[in-house]
Amino acid sequence: MSDKNVEKGAMLYEGKAKQVYETSGRDLVIIHFKDDATAFNGKKKGRIEDKGIINNKLSASFFRLLESAGVATHFVTRINDRDMLCRNVKIIPLEVIVRNVAAGSLAKRTGQAEGTALDEPLVELTYKDDARGDPLVTKEEAVSMGAAAPEEIDAIRGLALQVNDILYPYLLEKKLKLIDFKLEFGRSEEQIVVADEISPDTCRFWDSETGEKLDKDRFRRDLGGAKEAYMEVWNRVGDFRLSGV
Ligand code: TMP
Ligand code: ASP
């Protein structure tokens, strides 16, 4: 049976933008990408038409790029418009944010103007806990909460910076500046792999010439044109397999 014919079983989990289904293959899950969009910890709700289709395609393309550069991910294959086959990993309950330019909550917290370039990429950890609004945590706090072992956190930070080193120049060539992004990691057997998604929901992309925002900030900040922005990112990034790299 080819991966594309794996059968969708019961829904295991429903998140704000995705659903996770079990499959006949015990070590595999199907991730279904929805058009639902939320912000401010679910307080703002809406839809971005076709977002699920674009995020599925874009995530697949980014995961293929990372795999080709030697970074392990949970990605197996894209099954159809909205479904992705992935390894069934145990998600580490941390959101790992990498920043190249001050924006969003960093700009708000530190008073740095949005758009201020950072001398070095900055890595932040937040603990995945909706009830507490995913608070920032130190490595020591993450360890003491049992989220991960100290060596795992060191590995995760290294991987997050490696992902930045791969994505940043790749996107800049497509005239997209990678301002910041959020990654999640999972444990698969003994390995830590990049999981979840990589998309305009989880990254800030600014046009490298005009500074136009081409990501979920268009929805968060009511700027309009969210669907068009997601389409624009897809049109520029496209399918990594067809890039001839
Ligand atoms: P922030 O500036 O709001 O902390 O966001 C940093 C990056 O993380 C940005 O690219 C958007 C992404 N992000 C998520 O993927 N999920 C979230 O829940 C939040 C708050 C941010
Ligand atoms: N995904 C998050 C939420 O709704 C927030 C965000 O992406 O800004 O809660």
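Take the alpha carbon gyration tensor of the stretch 1-155, find the square roots of its eigenvalues, order them as a ≥ b ≥ c, and report rounded if a/c is under 1.5; if not, report prolate when a/b exceeds b/c, else oblate. Walk me through the intermediate numbers first.
Details: a/c = 1.71, a/b = 1.51, b/c = 1.14.
Prolate shape, in that a/c is at least 1.5 and a/b is the bigger ratio.
Quick one: work out the % antiparallel among DSSP beta bridges in the stretch 37-141, nearest 5.
Bridges in the stretch 37-141 are about 100 percent antiparallel.
Label points 7 Å out from Cα along the Cβ direction at ASP119 and GLU190: separation in nm?
It is 3.9 nm.
For ALA149 paired with LYS16, estimate the spin-label separation in nm (one decimal), with each label point 7 Å from Cα along the Cα-to-Cβ line.
Taking the simple label geometry, ALA149 and LYS16 are separated by 3.2 nm.
Hey, with R₀ at 30 Å, roughly what FRET efficiency would ASP3 and ILE91 work out to, going by the Cβ-Cβ distance, to 0.05? Don't jump to the answer; show the numbers that get you there.
Working: r = 21 Å, r/R0 = 0.72.
The formula returns an efficiency of 0.90 here.
Just check the stretch 72-198 against the gyration tensor rule for me: Cα atoms, a ≥ b ≥ c as the square roots of the eigenvalues, rounded for a/c under 1.5, and otherwise prolate or oblate depending on whether a/b exceeds b/c.
Working: a/c = 1.74, a/b = 1.13, b/c = 1.54.
Oblate, because a/c is 1.5 or more while a/b does not exceed b/c.
So between LYS43 and THR138, what do we pick up on full extension, going 0.36 nm a residue minus the alpha carbon distance?
Values: separation 95, 0.36 × 95 = 34.20 nm, distance 2.59 nm.
Gain on stretching LYS43 to THR138: 31.6 nm.
On a straight-distance basis, which lysines could pair with LYS16 in a cross-link, Cα separation under 17 angstrom, same-chain partners fewer than 8 positions away excluded?
Those lysines meeting the cut-off are LYS34, LYS43, LYS44, LYS45, LYS51, LYS128, LYS182, LYS216.
Starting from 0.36 nm per residue, how many nanometres of slack lie between LYS128 and GLU209 once their C-alpha separation is accounted for?
This chain segment gains 25.7 nm when fully extended.
Once the other residues with Cβ under 9 Å from the Cβ of THR77 are scored (Lys, Arg +1; Asp, Glu -1), what is the net sum? Show your work: numbers first, answer last.
Values: positive: LYS4, ARG78; negative: ASP3.
After counting each charged neighbour, the total is +1.
Which of the aspartates and glutamates could be linked to LYS139 by a straight reach, that is with a Cα gap under 20 Å, when you skip same-chain ones fewer than 8 residues away?
Partners within reach: GLU95, GLU120, GLU124, ASP129, ASP130, GLU151, GLU152, ASP154, ASP180, GLU184.
List LEU28, LEU94 from most exposed to least, where exposure is judged by having the fewest other Cβ atoms within 10 Å. Kindly include the intermediate steps, with their values, before the conclusion.
Working: LEU28 18, LEU94 24.
Final ranking by Cβ density, sparse to dense: LEU28, LEU94.
Tell me whether the stretch 162-212 comes out rounded, prolate or oblate; compute the Cα gyration tensor, take square roots of the eigenvalues as a ≥ b ≥ c, and use a/c under 1.5 as the rounded threshold. Mind showing how you got there, number by number?
Values: a/c = 4.11, a/b = 2.30, b/c = 1.78.
It is prolate, given that a/c is not under 1.5 and a/b is the larger ratio.
With +1 on the Cβ of every Lys and Arg and -1 on the Cβ of every Asp and Glu, and nothing else charged, how large is the dipole of the chain about its Cα centre, in debye rounded to the nearest 20?
With only Lys, Arg, Asp and Glu charged at Cβ, the dipole is about 660 debye.
How high is the relative contact order of the chain, in percent, with contacts defined as C-alpha pairs under 8 Å that are six or more residues apart? Each step should come with its number before you reach the end.
On the way: 457 pairs, mean separation 45.4, N = 245.
This gives 19 percent for the chain.
Give the residue from LEU28, PHE75, ILE91 lying farthest towards the positive end of the charge dipole for the stretch 1-94; charges sit on Cβ (+1 for Lys and Arg, -1 for Asp and Glu) and the dipole is referred to the Cα centre.
Of the listed residues, the answer is ILE91.
Laboratory data are not the source of any read-out in this text; all were calculated from the coordinates shown. The structure displayed is predicted, hence computed values, not measured ones. Every residue, glycine as well, gets a Cβ built from its backbone with ideal geometry; the counts of neighbours run over all protein chains shown.
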